[in-house]
Structures are given as C-alpha cells and as structure tokens.
Amino acid sequence: MKYKRVTSNLLRRLGVNNSYKGFHYTTYGVSQTIRDPELLTYISKGLYVEIASRFQTSIGCVERDIRTVVKTIWEYGDKMLLYEVFGFEIEQKPRNGAFIDAVAHYVVEHYYD
C-alpha cells in the first residue's frame, strides 16, 4: 500500500528507522487509521488490538514500542518536520494517539492521489 511506504519514509525523515519494532507498528497503525479513523477513538481497544493481532504480540508491547518511537523522535529527531506534521509548534512530547493521528492526517494531506 502506498500509505505504508510514504509513512515509512516520513518516519525515517523524522529520525527513526526500521530497527525499532515500533517503527513497523506505527507504519501499520497509520495505514489502518487512514482506512478507519474510528480505531483511534478507543486506541487501546481499537488500534492497538489491530496492530497486536497483525504482529502476533501483546497490546502492551505495541503501546510501549510506539511510545519509544515517539520519544526518540521527540528527543533526537527533526523538530521542524515534527512541527510541520502537527501543523503547529508542540510544547511537549505527543501521546501515541495524537502522533499517529497527526502523521495519518499529514500523509493523506500531502500524498493523496
């Protein structure tokens, strides 16, 4: 799917690569969120379940590994690109759901056919 490739490239530009388990979870999560935005409504019972099922892992591992990706981007990544993705300068590290939502929105807005 095109969105997975675009999301993968965006995450790399933000400062993480595919050596993180959370990189794959986030990429898949963004593509699923684009397909069905309702998955973010109850992220632990929606999106995390979907990702955990796909990768045959636990919901807790999914949450932790995505949080690690967000933390790595926040501490070491490209802050200007992160602000561009969110559309404004954020003051504190975003939560997983907010990050996935912002990336999904950015991907659709900038790369929609």
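The values are calculated or read from the model by the stated rules, or taken from the named source; none is laboratory data. Given the structure is predicted, the values throughout are model-derived calculations rather than measurements. As a convention, Cβ positions derive from the backbone with ideal geometry for all residues, glycine included, and neighbour counts pool all protein chains shown. We work out accessible area using only protein heavy atoms, side chains counted, and drop any ligands, DNA or RNA first. Shrake-Rupley method; radii C 1.70, N 1.55, O 1.52, S 1.80 Å.
Structure notes:
- Taking Lys and Arg as +1 and Asp and Glu as -1, the other residues whose beta-carbon sits under 13 Å from that of Ser44 total +2.
- Gain on full extension, evaluated as 0.36 nm per residue between Lys93 and Asn17 minus their Cα-Cα distance, stands at 25.5 nm.
- The GNM of the chain, with springs linking C-alpha atoms under 10 angstrom apart, assigns the highest mean-square fluctuation among Arg12, Arg67, Arg54 to Arg54.
- Centroid-to-centroid separation of the range 47-113 and the range 21-39 [C-alpha atoms, Å]: 9
- Each Cα pair under 8 Å and six or more residues apart adds its sequence gap; the mean of these over the residue count of the range 3-110 is a relative contact order of 35 percent.
- Probe 1.4 Å, accessible area per residue of the chain, Å²: 57
- Surface share of carbon and sulfur [accessible, 1.4 angstrom probe, percent] for the chain: 48
- Taking packing as the residue-averaged number of other Cβ atoms within 10 angstrom, the listed peptides 25-38, 72-85 run from highest to lowest as 25-38, 72-85.
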